[in-house]
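In what follows, a structure is listed as structure tokens, so that the remarks can point back to it.
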Amino acid sequence: MLTREDDVDAHALSRQGWTISAIARHLGHDRKTIRDYLNGKRAAGVRAKPAGGDSFEPFVDYCRARLAEDPHLWASTLLDELQPLGFAGSYPTLTRKLRQLGLRSVCEPCRPAKGRPVAVIDHPPGEETQWDWLELPDPPEYWGWGKTAHLLVGALAHSSRWRGRLCEAETLPHLVDGLDTVSRALGGLTKTWRFDRMATVANPATGRITAGFAGVAKHYGVQVALCPPRRGNRKGVVEKANHVAAQRWWRTLPDDVTVEQAQASLDEWCARRGDLRTRPGQPDGAGSKTTVGTLAEAEPLAPVPAAYPAELAVDRIVSAQALVAFRGNFYSVPPELAGSPVTVTTRLGSDTTDIASSSGRGPVVVARHRLAPAGAGVLVRTDAHVTALKTVVLQAASPARPHRSKVRIPPGPAARAAAAALTETDPADAVIVDLERYAAAAAGRNTLR
């Protein structure tokens with residue numbers, strides 16, 4: 001088959017008086033092929049049909065039926081099924097025929113949103129907040145969060161303003177903490193909260209709200225809307241916010257920041273960069289533009305009530321100084337717990353925290369402290385813990401002078417006595433030599449034989 005460029009060259013050279021053989025040698029094709037193109041029997045870009053008709057035609061019905069049953073069937077697997085039925089073509093021939101005849105149907109459940117007819121969803125001001133978890137890989141190792149950090153992202157559907165909250169896990173207490181914190185950062189509550197089918201909010205199979213989250217929704221006075229299964233584009237505002245958070249913030253986050261510093265940097269980025277994105281103005285201002293922050297300030301949002309009293313619990317290891325790290329601060333415990341695991345518990349909205357140690361009868365609260373502002377780096381100790389720690393340290397310390405490295409210390413009396421005990425032999429075990437037995441043995445052996 002000639003390309004259009006070769007077809008144009010062949011006609012031009014023929015008009016200049018070149019022979020078919022010369023054109024064939026020049027273009028690197030067979031003479032019969034050049035003759036057919038010059039005589040109009042074949043067209044450039046169109047593959048010639050086999051002389052005996054289309055050899056693939058008998059297998060069209062089978063291919064259409066198989067690909068209707070399994071739209072994801074590999075062409076190589078289909079070729080394995082066709083060869084015993086008499087198909088002698090190659091793999092490229094099969095794929096070309098499938099493509100030309102349109103035999104592979106589109107799998108609608110697997111069809112992406114791109115290329116579909118889509119409708120623009122209207123989001124009135126103050127109507128909807130979209131929520132989603134974003135799993136961020138490879139957090140700093142000293143955070144102690146394992147291989148994944150969890151960011152709860154909330155976005156106002158009308159203005160597209162978004163904020164995020166870093167969490168250690170995706171449990172219900174962490175979700176409630178994130179919902180409360182992000183709602184306050186957004187400026188208030190919308191009428192509806194939209195989620196995908198996360199297990200802490202609703203049953204993924206039935207879509208019914210869980211009993212635990214029903215109380216949260218009633219406390220904040222919002223309606224709960226769930227996305228249809230496998231339709232993430234229904235909450236496209238928060239999905240785009242996830243993409244931006246991962247690529248423009250998390251990707252460049254330094255390794256030496258704490259959790260609180262990372263949270264502060266995200267809040268700063270959202271206020272300094274995210275809220276300054278331009279958006280079309282109001283319908284009455286033709287051609288005008290505004291910013292995300294301006295649209296968000298104009299949304300009618302309800303005030304956020306006091307935090308829902310969910311109980312947040314995290315596991316920690318007590319340091320050698322009998323301190324427990326929690327949200328950028330350190331809280332003291334009795335010194336005998338150094339190196340042991342404890343559980344830090346706080347109720348959202350409360351200003352105190354409890355530290356419990358596991359025992360045979362269950363967790364026992366060993367310390368209660370007033371919470372310091374998150375990320376303040378405050379060291380919170382009680383007088384009792386300070387006194388106990390000093391006592392333990394003083395008891396462990398020795399008043400003796402440390403040994404010098406270059407000094408002569410020979411074995412003392414105790415060491416010499418022990419050595420003597422090791423070298424002494426018991427008289428009962430001593431070997432007695434009787435010379436008379438030697439004389440008896442030598443009798444009669446005075447001459448050589």
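The values are calculated or read from the model by the stated rules, or taken from the named source; none is laboratory data. These numbers were taken from a predicted model, which means no experiment stands behind them. Using ideal geometry, Cβ is built from the backbone for each residue, glycine included, and neighbour counts are taken over all protein chains shown. Surface areas here come from the heavy atoms of the whole protein model, side chains and all, with no ligands, DNA or RNA. Shrake-Rupley method; radii C 1.70, N 1.55, O 1.52, S 1.80 Å.
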### Task
Can you work out which of the residues in segment 373-428 that are among the hydroxyl-bearing types (Ser, Thr, Tyr) and assigned to a helix (DSSP H, G or I) is modelled with the highest pLDDT?
Thr387
#### Entry: Failed item in (1) aliphatic (A, V, I, L, M); (2) open to solvent by 10 Å² or more (accessible area, probe 1.4 Å); (3) within 26 Å of Val120 (Cα to Cα), with Leu253 passing the rest
(3)
### Query
Pairs, please: C-beta under 8 Å, at least 6 apart or cross-chain, first residue over 17 Å from Gln83 (Cβ atoms) and among the charged types (D, E, K, R) and in segment 50-70, second modelled with pLDDT of 80 or more and open to solvent by less than 50 Å² (accessible area, probe 1.4 Å)?
Arg64/Leu103
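Matching residues to (1) surrounded by 10 or more Cβ atoms within 10 Å (Cβ to Cβ); (2) under 20 Å from Leu175 (Cβ atoms); (3) modelled with pLDDT under 90; (4) touching a strand residue (DSSP E or B) at 6+ places or on another chain (Cβ under 8 Å):
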| site | (1), (2), (3), (4) |
| --- | --- |
| Arg104 | yes, no, yes, no |
| Ala113 | yes, no, yes, no |
| Pro117 | no, no, yes, no |
| Asp122 | no, no, yes, no |
| Leu151 | yes, yes, no, yes |
#### Entry: Residue ranges of helices (runs of 4 or more DSSP H) in segment 1-91 with at least 3 members within 22 Å of Leu101 (Cβ to Cβ), at pLDDT 90 or above and not small (Gly, Ala, Ser)
60-69, 75-82
### Task
Report whether or not Ala12 is open to solvent by less than 50 Å² (accessible area, probe 1.4 Å) and either at positive phi or more than 51 Å from the chain's Cα centre (by Cα) (or both).
yes
### Summary
Of the conditions (1) out of contact with any strand residue (DSSP E or B) (no Cβ under 7 Å at 6 or more places or on another chain); (2) within 27 Å of Arg279 (Cα to Cα); (3) open to solvent by less than 20 Å² (accessible area, probe 1.4 Å), the single one that Gly187 does not satisfy is (3)
### Summary
Per the filter on segment 199-231, residues on the phi > 0 side of the Ramachandran plot and not charged (D, E, K, R) are Gly207, Gly221
### Query
Being within 19 Å of Gly328 (Cβ to Cβ) and either in contact (Cβ under 8 Å) with a residue 60 or more places away in the chain or of a type in the set (A, V, I, L, M, F, W, C) (or both), is that true of even one residue in segment 379-402?
yes
### Query
Does at least one position in segment 307-319 carry a residue that is open to solvent by 50 Å² or more (accessible area, probe 1.4 Å), of a type in the set (Val, Ile, Thr) and more than 33 Å from the chain's Cα centre (by Cα)?
no
### Task
Any chance you could count how many residues in segment 330-359 are open to solvent by 30 Å² or more (accessible area, probe 1.4 Å) and more than 30 Å from the chain's Cα centre (by Cα)?
8
### Lone qualifier among Arg165, Arg208, Arg234 - being under 30 Å from Cys110 (Cα atoms) and either modelled with pLDDT of 95 or more or under 25 Å from the mean Cα position of the chain (by Cα) (or both)
Arg234
### Message
Here's a check for you: in segment 349-372, which residue that is among the hydroxyl-bearing types (Ser, Thr, Tyr) and part of a strand (DSSP E or B) is farthest from Asp315 (Cα to Cα)?
### Response
Thr352
